Structures are given as C-alpha cells and as structure tokens.
C-alpha cells in the first residue's frame, strides 16, 4: 500500500455526507492528497423513513447481471459520492480521484496522524 504520511487525514465521524464530499472534492481538485477515516460514521441528513425508502428504490434500479451495480460498503459509498462531484472522465478529475483514500475505521498507519474535521459539514 502507498505511503500515507503526506496525506491530509479527515475524520468523517458525525459529518453530513454530501457537505463533506463537496468540500473534499474541491480540495482534491486543488491537488491535495486526502485520506478519510471512520467512513461508516458519516451521517445522511433527512427523515429516517424517507432515507430508507429512497435507498431501497435506488437499489432496485438496474439489472442484476448488467448493472448499474450499487455499493453497500460505507467506504465505497463515500468514494462514489465524492466521484460524482468530480469531473472524473477528464484527466484532472481522474488524477484528483486517485489522490483520495477512504477507510472504515482508522488504519494502523494513521493512528498517530493529526486528524482534522470539516466545520461546514457538521
């Protein structure tokens, strides 16, 4: 695995998913390397009943063999959300997306790293 010492570490615990993703996408486009930890603790705003209903409807879209395939792991959901906010089909968007790492929990190599949070996403 790539050395993570030059990455900015962001703790996603308690942050609103979409607001956090938009800030991270802007920073990635500026050339910053970002590692997001505790992806499973990010929150989605809204009423629980409507969130569950929308999620179930979204998962029904597509063909079981042909796709589109939907991620269920929290780290992959966060990566996909950030990718949707990048011009990922263009070279600058591809390079920006490669500068992103997302983890469930806190990996051993990032335990001692200084973690920051995003004030706009709380």
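The values are calculated or read from the model by the stated rules, or taken from the named source; none is laboratory data. Remember, predicted model here, so these are calculated numbers, not experimental data. Cβ: placed from backbone, ideal geometry, glycine included. Neighbour counts: every protein chain shown.
Listed values, structure above:
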| read-out | value |
| --- | --- |
| Within the range 86-113, tally of residues that are part of a loop (DSSP other than H, G, I, E, B), out of contact with any helix residue (DSSP H, G or I) (no Cβ under 7 Å at 6 or more places or on another chain) and modelled with pLDDT of 95 or more | 5 |
| Close pairs (7 angstrom Cβ cut-off, 6 or more residues apart or separate chains): free of Cβ contacts under 8 Å to residues at least 12 places away in the same chain in the range 56-78, surrounded by 12 or more Cβ atoms within 10 Å (Cβ to Cβ) and part of a helix (DSSP H, G or I) anywhere | 71/77; 71/80 |
| Selection count, the range 79-103, where residues are surrounded by 16 or more Cβ atoms within 10 Å (Cβ to Cβ) and farther than 15 Å from residue 21 by Cβ | 1 |
| Within the range 24-45, tally of residues that are in contact with a helix residue (DSSP H, G or I) (Cβ under 6 Å, 6 or more places away or on another chain), part of a helix (DSSP H, G or I) and buried (at least 16 other Cβ atoms within 10 Å of the Cβ) | 5 |
| Where residue 51 falls short, out of the listed (1) more than 10 Å from the chain's Cα centre (by Cα); (2) closer than 19 Å to residue 113 by Cα | (2) |
| Subset of the range 21-55 [touching a residue at least 40 places away in the same chain (Cβ under 8 Å) and over 16 Å from residue 99 (Cα atoms)] | 38, 39, 40 |
| Members of the range 58-74 that are under 30 Å from residue 37 (Cβ atoms), assigned to a helix (DSSP H, G or I) and more than 17 Å from the chain's Cα centre (by Cα) | 58, 59 |
| Flag if residue 4 is under 18 Å from residue 115 (Cβ atoms) and part of a helix (DSSP H, G or I) | no |
